[in-house]
Amino acid sequence: MATPRMNESWMQVRSQIESIWSEADFGDKEMKKARGSMQRMVKLIHEKTGEPHKEIFQKISAII
């Protein structure tokens, strides 16, 4: 079960992801499935934007 602090952290990370990749439309279900997995998040962003996996990973690593 997620603690309030974990949820707060997730909301900040999600907000930053949506800000960086503002051209992509991330649905709640997709984001919930990817939550907690860097690999799934990178894959989701790649599918939405076509950006290379390595670049996505670097950007996400910088915000967490």
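For the reader, a short list of remarks on this structure follows.
- Rounded to the nearest 20 debye, the dipole size of the chain about its Cα centre is 320 debye, using +1 on the Cβ of Lys and Arg and -1 on the Cβ of Asp and Glu.
- Cα principal axis extents for the chain, largest first, Å: 33, 23, 19
- Highest average first, the peptides 22-30, 7-15 ordered by how many other beta carbon atoms sit within 10 Å of their residues are 7-15, 22-30.
Since every read-out is calculated from the coordinates, none of them should be taken as a lab result. Model, not experiment: these values are computed from the prediction. Virtual Cβ from ideal backbone geometry, glycine too; neighbours counted across all protein chains shown.
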